[in-house]
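Report on the structure given below.
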């Protein structure tokens, strides 16, 4: 129990910094005048590299979930206790909102402003299922086969690919989705679009957990939420 505050602190900091990079890179590319594919590619590479670095840094502390869908996947496969998982999710959402506000302020925007960017339609929502499913399966699979050093680069690479290569630009994270309601910039999402994103992301986490137990059968994960 003494480790829980340390783990939650790591989850808060990691999720906040992830959103800081997500939103900040989007605003930066706008201010620099980047457009189209160039803007999306710069954003994707920045987020992928930033997330990989955060996982490498904080993985040994909390497991570096930074994502309720990932936490759900670990809970369903026995890698984290329900009460700890709920604390993780609350911390991730709080950290995400703080990260968005910090990014907005540093670029001269209001701390929080409701996004007007509508992201809907079967293709966009369906791509969120795919990108989230692969993300959670990737993490669970690598942990279950004890390939822990590969997690940071692999997740960073997949997130970058998901941002550039999907119709939704690869949110793949309920905490990220909810937090990005609070930025009326390039990376924002309208409140009306968010529920469908969150629903399919969580569904993808469940599907990935089932698939991971079939593809990578083990009696028990090597740790209870840490990438050690």
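Here are the numbers for the structure shown:
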| read-out | value |
| --- | --- |
| C-alpha long axis of helix 36-62 to longest principal axis of the chain, angle in ° | 30 degrees |
| In degrees, nearest ten, helix 194-215 long axis to first principal axis of the chain (Cα) | 30 degrees |
| FRET E, pair residue 4, residue 117, Förster distance 35 Å, beta-carbon r, rounded to 0.05 | 0.45 |
| Overall dimensions of the stretch 4-215 by Cα: Rg and Dmax, Å | 15.7, 48 |
| Euclidean distance between Cα centres, the stretch 159-186 to the stretch 49-101, Å | 16 Å |
| Residue-span extension gain [residue 107 to residue 41] - 0.36 nm each, minus C-alpha spacing | 21.7 nm |
| Cα convex hull of the stretch 89-228 - mean projected area over all directions, nm² | 8.8 nm² |
| C-alpha long axis of helix 151-165 to longest principal axis of the chain, angle in ° | 40 degrees |
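Any read-out appearing in this document is the output of simple, stated calculations on the displayed coordinates, not a laboratory observation. Please read all numbers here as calculations on a predicted model, not as lab measurements. Methodologically, a virtual Cβ is constructed for each residue, glycine included, from the backbone with ideal geometry; neighbour enumeration extends over all protein chains shown.
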